[in-house]
Every structure is written in C-alpha cells, then in structure tokens.
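Nothing in this text is a laboratory measurement; each read-out follows from the coordinates by a stated rule. In this text, all values refer to a predicted model and were calculated from it rather than measured experimentally. In this analysis, Cβ positions are derived from the backbone assuming ideal geometry, glycine residues included, and neighbour counts consider all displayed protein chains.
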Amino acid sequence: MTMAPESGTDQVGSPRLRKEDARLITGQTEWTDNIQQTGMLHVAFLRSPHAHARITSVDTSAAMQQPGVVAAYSGADFADEQGSLPCAWPVTEDMLLPAHPPMAVDEVRYVGEAVACVVARDAYSAADALEALDVEFEPLPAVIDMESALAEDTPLVHEGSGQGQGSNKAFEWPMAVGDVDSAFEGADIVLTRRYHQQRLIPAAMEPRSVVCRPDGDAFTLWSATQVPHIVRLMLAMTTGIPEHKIRVIAPDVGGGFGSKLQVTAEEVLALLLARRLRKPVKWTETRTEGFQTTHHGRDQIQDVSIAADSDGRIRGLKVDLLADMGAYMMLVTPGVPILGAFMFPGIYKMDAYSFHCTGVFTTKMPTDAYRGAGRPEATYAIERIVTELADEIGMDPMELRRRNWITHDEFPYTGIAGLTYDSGNYEAATDRAVELFDYDGLRAEQRRRRESGDPVQLGIGISTYTEMCGLAPSRVLGQLSYGAGGWENAAVRMLPTGKVEVVTGTSPHGQGHVTSWSQIVADQLGVPFEDVEVLHGDTRVAPKGMDTYGSRSLVVGGTAVVQACDRVLDKARRLAAHMMEANEDDLEFSDGRFTVRGTERPSTSLQEVALAAFAAHDLPEGAEASLDADATFDPENFSYPHGTHLCAVEVDTETGQVSLRSYTAVDDVGTVINPSIVDGQVHGGLAQGIAQALFEEAVYDTDGNLVTSTMADYTVPTAADLPDFTLDRTTTPATTNPLGAKGVGEAGTIASTPAVVGAVVDALRPFGVRDMRMPCTPQRVWRAVAEAREAG
Ligand code: MCN
C-alpha cells in the first residue's frame, strides 16, 4: 500500500485517512435528532393503516386533551398552505402528475401515508396521543400488482384527482434506434427473458429526521438530507415562503443511498408547523416508519429480447419495461427508469435498440432513486441476458463479451442509445480480473464438481459493466426532462494566515468530500493538506450548489474546486508579480511558491501573497484585498466508469444455501483522488448489490400492507454475510474533466447484482435452471432445483 505523504503536493492518489472520521467515531458529531432547541416541540404522525381509503372524518379533539399535547391537526387543517410535494423530473409532457399533499386530505393511497399529526412537549407524549385521534376511513380497493393495475377493469389509484384517464398508467416513454425489426428478423438466435427487479428499501443507518426553528420571519431547517439546496428551493416553491427566508442545514448525515435525495412530507410539515406554532419542532422517524414511508427503490418488470448471430455477434436489443411508481410521483420517481433507458446496451455494439417504458401507479409507497437509480436495473438485464445468450450458443460467456464489446481503440464511441463514451479499456480491466480471480482454475474446479455430482456446486458469475454518472451535463438533462441542470459550484478562500477554506455545493453524507477536496486543493495550491478546511451542507454557508447524488460530486464538484483554485492562482500571480517586481509571464508556480524564471531571486509563498492581499497596503491597480474565487462547472458529458466483476458461489443443492466464495472487482474510475475512499465506496456498493441478489425484498400483501416493515423481516446483510473482496483498478482517465476522474459512488452496486445471480444460475445450470428470481434465498434456490429435477 502507498503511504500517505505528510502534506504538500502529491496528495491526489494518496490513501489519506479521512479527516471526518475522528469526530464521527468518537461521538463528537451532532445528528439531526440530537439537536435541541429551547421550547422545542415534537411531532408524531398518524399514518394510514389502509392501502387505499377515503378519509371520511378526522377528529382531533380528544388528542388535544392528552398530557403534553400542544396541537393536533388533520390534512384538511393544512389544505390551503401545504401545496403538493414536488416532482422535478416529469419525463413526458402528458405524464400524469396527481396532487401529492404532504398530509392526506380526502384519500390515502398507501399504508403509512400521513393523515394527521400531534404536536407535544416531548416525543413520547406525541406518540401516545396518536391513539386518541379519531379517524374514519372508507376502504377502497388496493392496487398492488403492476400488470393488473393496467387492466381495464382495475380500480384507479387516482380516480378522484381529475387526472385519471381510465388507467393507472402514468406515462409511456418510447425510444428506438436503428432498424429493430430487421435486426431481429435476420438474426440466428432470439432470446427473450423476463427479469423482476424486486422492490428494495434503502435503510440508511441514520433515520430521517428534521428540526425547524422560526427565526423572526425566517426559518432554519435542519434535515438529514442529501440535498439541502434542492430542499430549500422546493420548500419555497411548495409553501410560498420566500426562498431567502429559508435556511436549510444538512448536519452530519448517516447515509442516504438515494433515499435522502428527496423533499419529504415531513420537511414541508415541520416548516408549516414551526410557522403556525412559532416554536421549534422536531420529527424523527421510527425504523418501521422509515421502512413504510421513506421512498423505496427498483420495482420493475423487464421484458428483454436479444437478437444475435450464431457466432455470438449481437444484432439488436428490445426492452419493454413496467416501472412501479407507487402511489405518487416524488422528486425523481419517473426519471429513474428513463435514466436506465440509456444504459441497457451496456458496453456492447449492436445495430438496433428499442426501449419502451410504462410507468404505473399502485397503492404502495412511491419508488425513487436508490443507489444506481436506473443503471443497476439496466446493467442487470443486459449482463444476465448476454450470459444466457452465450449458454444458448454454447460459447464461454467471457468470449461472447469480448466479441461484442467496444474495443479500447474505438473510444470515443457513440453507442446505440446515443451516449458518447469518452474513454474506456474493457480488455485491460477484464484481463486483470480474470487473472486475480483465477477464472480458468475455478472453471476447472466447476467441471470436476459437475462431473462428480457434488451436492455443493460451484457457479461463476460475470459482470462487465459501464455506467453513466457525474450527473450531469445540464444541456443533456435539458433534452431529457423539464427539471433543472446538473452544474456544481465551489469557492476557495485563502485566509490572511495562508490557511484555506473551501466552500462546496456538494453535500456529503458518508463519501468523504472533506478529505478528497483537501487533497485536490493541497495539490493545486501547494499548501499542506491539514491547512484546508471544507465547508458544506448549509445553504447560508454554501449558497450555491446542486448537492450529492448520481456519483457526481467529484467529477462535477471536484472540478469546480480545481477551477476555483486556478482563479485564486491567477489573482495570486498578479499580486506576486507586483510584490516581486517581475513580469507575470516570468513567474513560475510550484510547491506553493512563486519564483522568477531563470533567476536566483528569492521566491514568494502563496501564504505571503495571501497576507499581502489582506494588508492591502500595496495592491496593483484594480486588484482586490482578498485571495478568493468561486467557479461553477457544468460538464459536457457524463462520466463512464467501467469494470469487470467476477463472483464465485457455492450452492448447496440439497438445502438451497448460497455461499459467496470469492468476489473480484476490477474497476476503472479514471484518476483516483483517494484510493482508500474509493475502496470503501466499492465495498459498500458491493454489499448493496449483493443484498439485492441474495437477501433483500420489500413485500406487500394483497391488501397493500408492507409485511417486511422491520429489520427482522427485511434482511439487510451484515459484514458476516459477505466475503473478503479482492479489489483492483485499471486507470483510463476521463477526457471530460481536468482531473481525469470518473465517479465511483454507485459502481459497486451497479456491477455486482448480475455477477452474483449469474453465479447462482451458473451453479444450477446442470439441473436445467436458466434463471432465478431475486433475492436468491435458500427457499427459492431449493425450489428451483426441485422443480428442475421434477421437469426432468
Ligand atoms: N473518489 C475518488 N476518485 C475517483 C472517484 C471518487 O477519490 N475517481 C472519491 C471522491 O472524492 C469522493 C468519493 O470517492 O470522496 C465518492 O465520489 P463520487 O463517486 O463523486 O460520488 P458522490 O460523492 O457524488 O456520492 C454519491 C454516491 C451515491 S449516488 C450514492 S447512492 C452513495 C454513494 O455515493 N451513497 C452513499 N456512496 C455512499 N457512501 C456512504 N457512506 N453513504 C451513502 O449514503
């Protein structure tokens, strides 16, 4: 392992320990739920026990008499001011966008939807008083299954909204490139599969929590959110409270994984309650509330067909997608499957591609972004079907990939879905992964076990993925949606003593931006790593920003940091030239010092320049008394990390138990700022992708109750369920940002799920098993073997 340099330049690429961690692991941080305010009140919500029902009456009078209770309200009490929760990504002009009141007024559409609330002097009194609320419902039919939701005689989720068109269809989004019919008609082989992306629950370690305090005519709102800037904007637009009167602070946030990329009912209501009661209010979800009412992920049915020649050359791909929106459109609900539309072809060349997505309303918790958002689903489908195509043809699945992928000399390459991949080297990453994994050795062992009829079979799964991250080029986004762009802002301030403050518009919640940005600034300005402080997550401190999601922060926000440093250096150069009585063009800057080229004259440090700027006794004409600058970066393209993940599983065919034997991931994320952080991101990402493959599934019963609403019912894996991962990297720099970096935050999740399921299916191939529904639990695996044996 490379040792971290003490300070100064060469910080980029060094495995610095995270600056954030000492405070976090010694309990010196303040999570939102730890925030105390004088006179603070606590809110508890009464939530719908029905998946679908009319609210016929809400009586809050008895609750008001309970000890400690200060106020109790129904949705109707806020009807005039609560507005509708925002959807920032309407994907078509005619998409149905039903009203989504933060607290239901007439009708509830999923179990857990807020119906009324109690405000009390402490959280226990508020929770106890919920029992005294008297709410009457008239149950309506639940709509659970996506396919029957589209049938003609199915009850409508949004009948009363005036928006229903006699269907639970929310939108249709088609795309076709090339002559798809000819590609399929002329192909030797057409393979069709149906893949289910089960519903997932993000389950971040820190629950959602919000505190709102009135400050005169303004408000300070703390929230465990990934997106303080978006929350502020949307709160202003939703409630009409002027934007400059709202300050949003995201303190340390204990994970989000997309689930805190949201503007929630509870944030809106905390603001409205603080305004109405003129007191600070706090709400923190219980774990079951979190499971039921923090947005869910995935939930798609994918009908996928691939057309190929008998030599394995892929001709075309067709994808027909049903995407469960749940009961309402939340911030990016409809955008998630559409992001996936561009990723189904993966790393492969082909002549034709069609994609059709139908968004469907059901009476379940809305879905929205969950680590990878659209890209894990697409990667799963293409990597699974390519593996099955190889089996159908009788070819090694790695060989089939090699025949079809974009070769390293073909970049930049505009793929069939219209994305231009700027750089990549799939051969190098695969060769390294094959070597580390001992692919040939494991295949030999697999053959031996198959031949000997070993009850424990070995399976090998492959995923050669790419993904689009670094959200986002605003102009590209503009063509896809009516929402906002994807720029990022940074300010760099040299303080008079030569220390540096960096203000970033990104909002880290576990990704280590304070450390990474310090490394970048240390190298750019030639200052010690320890001399850099990074400020974030407060709309007053960091007023401009687009926050953290879509593995965007480094390639967009980190680039803004580089550009702000460049501007600081431009200012400093001018001042240094003045101080050194030299021509600006004759100055050289390295290791934090200016020297006059070709002379022995003493150098001047950036710190000396910063102090001279502050003193301002002798500034050149027009120069300012400060050494600071800000920059906004908007990339021209996404970034495209890629890699090869190989998984070996042992499957006990008598019990259905799957054991992960080894997992090798060779990722290419371009230039790496901090290898330890990148490894950590891959580890966490792998855990989540493996969780989808083997463990996690949100299950609703036919009445619309979430039956997996506790940690006991929803199997989040622990470290003990995972093997030691073998990680390595190849480095093919991105050409679309000056760092040459590509995002890493979601790569592990996107890559791993098809590798693991592919391995399970591969182990069972001798029995005739060709697919497994996720998660591959022992029961499902055992049943697949039993059914395959029965079928003969
Ligand atoms: N990095 C690097 N070199 C690279 C790429 C990244 O050193 N070539 C570093 C970056 O400097 C940064 C970290 O890796 O410190 C992640 O960077 P990036 O890929 O830009 O991703 P973001 O910071 O934008 O994080 C978002 C991403 C997403 S979309 C999800 S979901 C996710 C993830 O990050 N959620 C997380 N990782 C998470 N990690 C934690 N602990 N908690 C979450 O909720």
Worksheet, complete the sentence: P(r) of the range 33-183 over all Cα-Cα pairs, 10 Å bins starting at 0, rounded to whole percent, reads 10, 30, 29, 17, 10, 3, 2, 0
Worksheet item: Ranked from highest to lowest mean number of other Cβ atoms within 10 Å per residue, what is the order of the peptides 736-746, 30-40, 383-393?
Response: 736-746, 383-393, 30-40
Item to complete: Round to a whole angstrom and tell me the spacing of the C-alpha centers of the range 418-494 and the range 213-252.
Response: 37 Å
Worksheet item: In what sequence, highest mean first, do 263-272, 539-548 appear when ranked by Cβ atoms within 10 angstrom?
Response: 263-272, 539-548
Worksheet item: Which of the trypsin sites (Lys or Arg not before Pro) found in the range 254-289 are loop residues per DSSP with 16 or fewer other Cβ atoms within 10 Å of their Cβ?
Response: R278
Worksheet item: How do 562-572, 324-334 rank on mean C-beta neighbours within 10 Å, highest first?
Response: 324-334, 562-572
Response to the item:
Set K169/K364; K19/K245; K245/K499; K169/K349; K19/K571, cut-off 23 Å on Cα-Cα distance; pairs above it are K19/K245; K245/K499; K169/K349; K19/K571
Worksheet item: Are there chymotrypsin sites (Phe, Trp or Tyr not before Pro) in the range 186-278 that DSSP marks as loop and that have at most 16 other Cβ atoms within 10 Å, and which are they?
Response: none
Discussion item. Can you tell me, using C-alpha contacts under 8 Å and at least 6 residues apart, the relative contact order of the chain as a whole percent?
Written reply: 15 percent
Worksheet entry | Radius of gyration and Dmax over the Cα atoms of the range 151-257, both given in Å | 23.2, 73
Worksheet item: Radius of gyration and Dmax for the range 481-525's Cα atoms, expressed in Å?
Response: 13.4, 46
Worksheet item: What does the helix-only formula give at 222 nm for the chain: each DSSP H stretch with n ≥ 4 adding -39500 (n - 2.57), the total divided by the residues, and the result rounded to the nearest 500 deg cm²/dmol?
Response: -8500 deg cm²/dmol
Worksheet item: Which of L130, H196, V180 sits closest to the plus end of the dipole of the range 127-207, meaning its Cα is farthest towards the positive end, when Lys and Arg get +1 and Asp and Glu get -1 on the C-beta?
Response: V180
Discussion item. How many angstrom lie between the Cα centre of the range 265-317 and the Cα centre of the range 20-95?
Written reply: 18 Å
Practice prompt. Report Rg(Cα)/(2.2 N^0.38 Å) for the chain, keeping two decimals.
Written response: 1.00
Discussion item. Around V119, under 15 Å between beta carbons, what's the net of Lys plus Arg minus Asp minus Glu among the other residues?
Written reply: +3
Discussion item. For the range 134-205 and the range 347-414, what is the centre-to-centre distance using only Cα atoms, to the nearest Å?
Written reply: 20 Å
Response to the item:
A chain fully extended from D566 to R447 at 0.36 nm per residue, minus the present Cα-Cα distance, gains in nm 37.0 nm
Response to the item:
The relative contact order of the range 305-386, taking Cα pairs under 8 Å that sit 6 or more residues apart, comes to a percentage of 39 percent
Worksheet, complete the sentence: Candidate cut points under GluC sites (Glu not before Pro) in the range 103-161, DSSP loop plus at most 10 other Cβ atoms within 10 Å of their own Cβ, are E152
